[in-house]
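Participant: Sharing a structure below in structure tokens format, with a few things to ask.
The values are calculated or read from the model by the stated rules, or taken from the named source; none is laboratory data. What you see is a predicted model; the values in this text were computed from it and never measured. Glycine also receives a Cβ, built like all others from the backbone with ideal geometry; neighbour counts cover every protein chain displayed.
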Amino acid sequence: MKDIVIRKLSERGVELMAIAAIVSELQKPYNPDLTPEVCLSTVQAVLDKREVQHTILVGIALDTLAEQGHLQEPLCSIVGEDEPLFGVDEILALGITNVYGTIGLTNFGYLDKVKPGILRELNNHPTMVHTFLDDLVAGVAAAASARIAHNIFRKSSPQR
């Protein structure tokens, strides 16, 4: 299932290294020795979770259906235009952000506002609908960043 998700992401223009770059950007201030390899392996760990895989597949399917005009109206137009008050795309992504705790939520809010890297590319794509995908990718990056933060904290905290 994970391989299918990675292939679907790639087909929509998202490579895992692009997500890892966002994770690095979020975590570098707190962990300057963080490597791209650690960021990538953390993204892959998030994608290991079945609930994350299912969420991504649903989001990509909805984007694709809207792109092809196969959703009923007015939903097709709402998704196709990424209407600002829609919010369902963010709600779906929040399921991913909480996989590693609530810090993922604050990471996601930042990413959804700033849209760095691949998020900006997805959001501004001239022909493809990425209403769900940009938020889902932000959710994966936010969760991966939270996972790294938890691991760093656990290693630096005295045993209780």
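Participant: Among the residues in the range 14-23, are any surrounded by 18 or more Cβ atoms within 10 Å (Cβ to Cβ), within 13 Å of the chain's Cα centre (by Cα), modelled with pLDDT of 95 or more and charged (D, E, K, R)?
Facilitator: Looking for residues that are surrounded by 18 or more Cβ atoms within 10 Å (Cβ to Cβ), within 13 Å of the chain's Cα centre (by Cα), modelled with pLDDT of 95 or more and charged (D, E, K, R), one finds none in the range 14-23, hence no.
Participant: Could you say which residue among Gln72, Gln53 is polar (S, T, N, Q) and not in a helix (DSSP H, G or I)?
Facilitator: Working: Gln53 fails: not in a helix (DSSP H, G or I).
It is Gln72.
Participant: Hey, any hits in the range 41-60 for a residue that's surrounded by 15 or more Cβ atoms within 10 Å (Cβ to Cβ), more than 14 Å from the chain's Cα centre (by Cα), among the hydrophobic types (A, V, I, L, M, F, W, C) and closer than 24 Å to Lys2 by Cα?
Facilitator: no
Participant: Further question: So Leu34 clears everything in (1) farther than 28 Å from His150 by Cα; (2) assigned to a loop (DSSP other than H, G, I, E, B) except one condition, right? Which one?
Facilitator: Of the numbered conditions (1) farther than 28 Å from His150 by Cα; (2) assigned to a loop (DSSP other than H, G, I, E, B), the odd one out for Leu34 is (1).
Participant: Taking the range 119-144, which residues are buried (at least 24 other Cβ atoms within 10 Å of the Cβ) and either under 14 Å from Ala18 (Cβ atoms) or at pLDDT below 95 (or both)?
Facilitator: If the condition is that a residue be buried (at least 24 other Cβ atoms within 10 Å of the Cβ) and either under 14 Å from Ala18 (Cβ atoms) or at pLDDT below 95 (or both), then Leu122, His130, Leu133, Asp134, Leu136, Val137, Ala138, Val140, Ala141, Ala144 are the ones that fit.
Participant: Then there's this: Kindly indicate whether Ile78 is part of a helix (DSSP H, G or I), in contact with a Leu (Cβ under 9 Å, 6 or more places away or on another chain), at negative phi and buried (at least 19 other Cβ atoms within 10 Å of the Cβ). Spell out the reasoning first.
Facilitator: Working: part of a helix (DSSP H, G or I): yes; in contact with a Leu (Cβ under 9 Å, 6 or more places away or on another chain): yes; at negative phi: yes; buried (at least 19 other Cβ atoms within 10 Å of the Cβ): no.
No: the conditions fail for Ile78.
Participant: Might you check whether a residue that is outside any helix (DSSP H, G or I) and closer than 18 Å to Asp134 by Cα occurs anywhere in the range 86-105?
Facilitator: yes
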